[in-house]
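Take a look at the structure set out below.
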Amino acid sequence: MSRHRITGAALVAGIAGNPVAHSLSPVIHNAWLAAGDMDGVYAPFAPADAAGFEALVAAGRAGLILGLNVTAPFKEQAFALADQATPAARLTASANILTFDAGRVSADSSDGIGLMLGLKEQAPDLTLAGRSVVMLGAGGAARAGSGALIEAGAEVRIVNRSRDRAEALAADLGPSVRVMPAAEALDGAVLVINALSVQPDLDFAAVAPGTVMMDMTYKPLATPFLTAARARGLPTVDGLAMLIGQAAPSFQALFRRPPPPLDLRALLTAHLGEAP
């Protein structure tokens, strides 16, 4: 039985990444804690390097932290440090959720869930089964997103500056993933996802009309990638939809109860000073 309790001592969880100051996860989870009248806090942690992240996980093993959301650049290290992992985390060898219980570390990934829920909300007519998707990037979020897309029946085409990293991702995920140059990858694709933290070098004129364009970045909400896509009349999905989609399973895992009902999009767009 878990030694952590929902009542009693204050609960501590958080998000680990570097940089992490931009993250909206503390806004989401602390709002849920307040709405649920829970004595807890969700804090940002910014380990300087892999050794710092390992020390943070050690604090979790010691019972000082309930759990962590994990963002770049620690998602693959998070998976490697875990004692056990869900199928979603094992599929991509990365994790964005670590939970701690009696000295053991469990890894999970809700990035894929968030991506699929974001697509369902903002591109409900998109069909993925048997279709091609372009993933720009090969980091932890790209891994998790690619895994979810494969499960939905899509073929994933990875475009990444470092071909070795892209080839490693493709080798891990199997024959449904191919590494291709951008110009080739766009041909026949129904969805292009930017999983990079910077504006990708993409020829928007080569994107076919009707192709759904998604950016995992949510700050600013209208990224240069999405702004360029909208200027061409392409349908878009913003990163906030993905963030909101992955947040509920994260809260459930970290605090061992479902989150109370809140209009997260209204909360977050107000926080960002953006229109809902």
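The values are calculated or read from the model by the stated rules, or taken from the named source; none is laboratory data. Here the structure is a predicted model, which is why all the values come from computation and not from measurement. Note that we place each Cβ from the backbone using ideal geometry, even for glycine, and neighbour counts take in every protein chain shown. The protein model used for the area step is the full one, side chains on, heavy atoms only, and it has no ligands, DNA or RNA in it. Shrake-Rupley method; radii C 1.70, N 1.55, O 1.52, S 1.80 Å.
Pull up the stretch 192-215, narrow it to residues that are among the small types (Gly, Ala, Ser) and part of a loop (DSSP other than H, G, I, E, B), then point me to the one that is modelled with the lowest pLDDT.
Of the stretch 192-215, the ones among the small types (Gly, Ala, Ser) are 195, 197, 205-206, 208, 210.
Restricting the remaining residues to those that are part of a loop (DSSP other than H, G, I, E, B) gives 195, 197, 208, 210.
Values: Ala195: 95, Ser197: 81, Ala208: 96, Gly210: 97.
Ranking the qualifying residues of the stretch 192-215, first place goes to Ser197.
Please indicate, with yes or no, whether at least one residue in the stretch 146-156 is more than 18 Å from the chain's Cα centre (by Cα), outside the structural domain of Ala95 (by the TED database), of a type outside the set (Lys, Arg) and open to solvent by 30 Å² or more (accessible area, probe 1.4 Å).
yes
The conditions are (1) open to solvent by 70 Å² or more (accessible area, probe 1.4 Å); (2) at pLDDT below 95; (3) assigned to a loop (DSSP other than H, G, I, E, B), and Tyr218 fails exactly one of them. Which is it?
Tyr218 satisfies all of (1) open to solvent by 70 Å² or more (accessible area, probe 1.4 Å); (2) at pLDDT below 95; (3) assigned to a loop (DSSP other than H, G, I, E, B) except (1).
Restricting the stretch 41-67 to residues that are within 13 Å of Asp101 (Cβ to Cβ) and touching a residue at least 60 places away in the same chain (Cβ under 8 Å), which is surrounded by the fewest Cβ atoms within 10 Å (Cβ to Cβ)?
Taking the candidates together, the pick is Gly63.
Every residue in the stretch 82-94 that is of a type in the set (A, V, I, L, M, F, W, C) and either open to solvent by 40 Å² or more (accessible area, probe 1.4 Å) or closer than 8 Å to Ser109 by Cβ (or both), please.
Answer for the stretch 82-94, where residues must be of a type in the set (A, V, I, L, M, F, W, C) and either open to solvent by 40 Å² or more (accessible area, probe 1.4 Å) or closer than 8 Å to Ser109 by Cβ (or both): Ala88, Ala89, Leu91.
Among the candidates Ala275, Ala248, Ala266, single out the residue that is out of contact with any Phe, Trp or Tyr (no Cβ under 8 Å at 6 or more places or on another chain), surrounded by fewer than 23 Cβ atoms within 10 Å (Cβ to Cβ), free of Cβ contacts under 8 Å to residues at least 60 places away in the same chain and assigned to a loop (DSSP other than H, G, I, E, B).
Values: Ala248 fails: assigned to a loop (DSSP other than H, G, I, E, B); Ala266 fails: assigned to a loop (DSSP other than H, G, I, E, B).
Exactly one residue qualifies, and that residue is Ala275.
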